[in-house]
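The structure appears right after this line, and notes come after that.
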Amino acid sequence: MKSLLYPLLLCLMLIAPAQAQNLYVTDRLEIPMRSGTSNQHRILRMLPSGTEVTVLETNKSLGYTRVRAPSGVDGWVLSRYLMDIPAARDRLVNAEKKLANLELQNKERAAKLAEAGNTRESLLIQTQQLQSENETLKTELAEIRRTASNALALDSENKQLKNKLLQLEREQQNLAQENDSLKDRSDRDWFMVGAGVIIVGIILGLILPRIRVKKRSSWDTL
């Protein structure tokens with residue numbers, strides 16, 4: 001009984017469907033480079049998919065093409081494995097690189113735009129500050145000009161007052177000189193008057209006794 005059970009279970013396992021599984025065919029293909037135009041010729045090397053080769057000649061009847069690998073080795077490969085464009089895998093890689101570069105450039109541009117926006121806002125703020133400072137400077141300049149104008153006016157008045165003061169000092173000096181001159185003249189006049197009085201007194205002192213003597217002598221003769 002057991003000898004019949006095992007073959008039966010094995011048959012059921014073979015008949016039962018296998019569990020579904022998704023697989024992907026790889027595009028990583030390597031083709032042989034041969035020394036001639038048949039499968040019997042020696043394989044010189046294996047060329048990975050996407051390898052760029054230089055075509056030397058083509059044998060259309062046999063379906064082979066003689067190519068030169070990047071290493072410099074010449075050999076024959078099946079023509080149907082050669083394409084005018086790079087392999088899809090390589091194009092995908094290049095496309096992904098370009099996409100990554102574009103995304104990076106977009107990020108850089110976005111960062112530059114953001115930086116430019118910040119710079120613009122900063123420039124606007126600086127411009128407003130400069131305008132405010134300019135208005136303040138204009139106000140200060142007007143005040144300085146007004147103060148300078150007042151200072152010039154005061155300086156002019158000061159100069160006029162100094163000139164008047166010098167003129168008054170000169171007039172005072174002239175008056176003092178005239179006063180001194182009048183004082184000296186008055187002193188001289190008083191001196192002359194006093195001298196005249198003294199001289200008159202002396203003269204009278206000399207004349208009067210004589211007049212008295214003459215009068216007495218005339219009286220005596222009477």
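The values are calculated or read from the model by the stated rules, or taken from the named source; none is laboratory data. Here the structure is a predicted model, which is why all the values come from computation and not from measurement. Note that we place each Cβ from the backbone using ideal geometry, even for glycine, and neighbour counts take in every protein chain shown. Areas reflect the complete protein model, heavy atoms only, side chains present, ligands, DNA and RNA absent. Shrake-Rupley method; radii C 1.70, N 1.55, O 1.52, S 1.80 Å.
Would you mind stating whether GLU52 is at pLDDT 70 or above and outside any loop (DSSP other than H, G, I, E, B)? The answer is no for GLU52. Got at least one residue in region 108-124 being in contact (Cβ under 8 Å) with a residue 40 or more places away in the chain and open to solvent by less than 100 Å² (accessible area, probe 1.4 Å)? No, because not a single residue in region 108-124 is in contact (Cβ under 8 Å) with a residue 40 or more places away in the chain and open to solvent by less than 100 Å² (accessible area, probe 1.4 Å). Hey, among the residues in region 39-62 that are surrounded by 14 or more Cβ atoms within 10 Å (Cβ to Cβ) and of a type in the set (Gly, Ala, Ser), which one's nearest to ASP84 (Cα to Cα)? Taking the candidates together, the pick is GLY50.
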